[in-house]
Amino acid sequence: MFAVVSAGIIVVSFSLGLLLGSAANRSISLGFYFVGAFLALAGLFFGNRGPLRPVGEDHGWRVGRGLRSASREEQEEAVATGALMAVLGFILIAIGVAVDSRFKLI
């Protein structure tokens, strides 16, 4: 799954870089930066969900108090999902740094 996402980032970033006249490694590194930053930020928000959930299966907007306490499993799942997204985001940012020609790693 991670390889498919990485390949998609490379293809889309390279294509946009060609359209904008940017260098290939710079456009690919920017793609990894953007997607990594988005995932890290999304992980922060997913991991910090509160202890309340909507009542019912529709999860739509309700007028009134349609809230219930989240179960322990729901809270653990929210934290685990947020942590996974944040870690993947930081890995993608690290890949972007490795690809970027402006930084010499060795």
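The values are calculated or read from the model by the stated rules, or taken from the named source; none is laboratory data. Bear in mind that the values here come from a model prediction, so they are computed numbers and not experimental data. Backbone-built Cβ (ideal geometry, glycine too); neighbour counts: all protein chains shown.
Scanning the range 33-56 for residues that are part of a helix (DSSP H, G or I) and either touching a residue at least 60 places away in the same chain (Cβ under 8 Å) or of a type outside the set (A, V, I, L, M, F, W, C) (or both) returns Tyr33, Gly36, Gly43, Gly47. Hey, does the range 62-72 have a residue that's surrounded by 15 or more Cβ atoms within 10 Å (Cβ to Cβ) and in a helix (DSSP H, G or I)? Looking for residues that are surrounded by 15 or more Cβ atoms within 10 Å (Cβ to Cβ) and in a helix (DSSP H, G or I), one finds none in the range 62-72, hence no. Kindly indicate whether any position in the range 5-22 is farther than 17 Å from Ile91 by Cα, out of contact with any Gly (no Cβ under 6 Å at 6 or more places or on another chain) and at pLDDT below 90. Yes, the conditions are met somewhere in the range 5-22. Taking every residue in the range 65-76 that is in contact (Cβ under 8 Å) with a residue 40 or more places away in the chain and within 11 Å of Gly50 (Cα to Cα) and pairing it with any residue that is of a type in the set (Gly, Ala, Ser) and surrounded by 10 or more Cβ atoms within 10 Å (Cβ to Cβ), at least 6 positions away or on another chain, yields no pair with a Cβ-Cβ distance below 9 Å.
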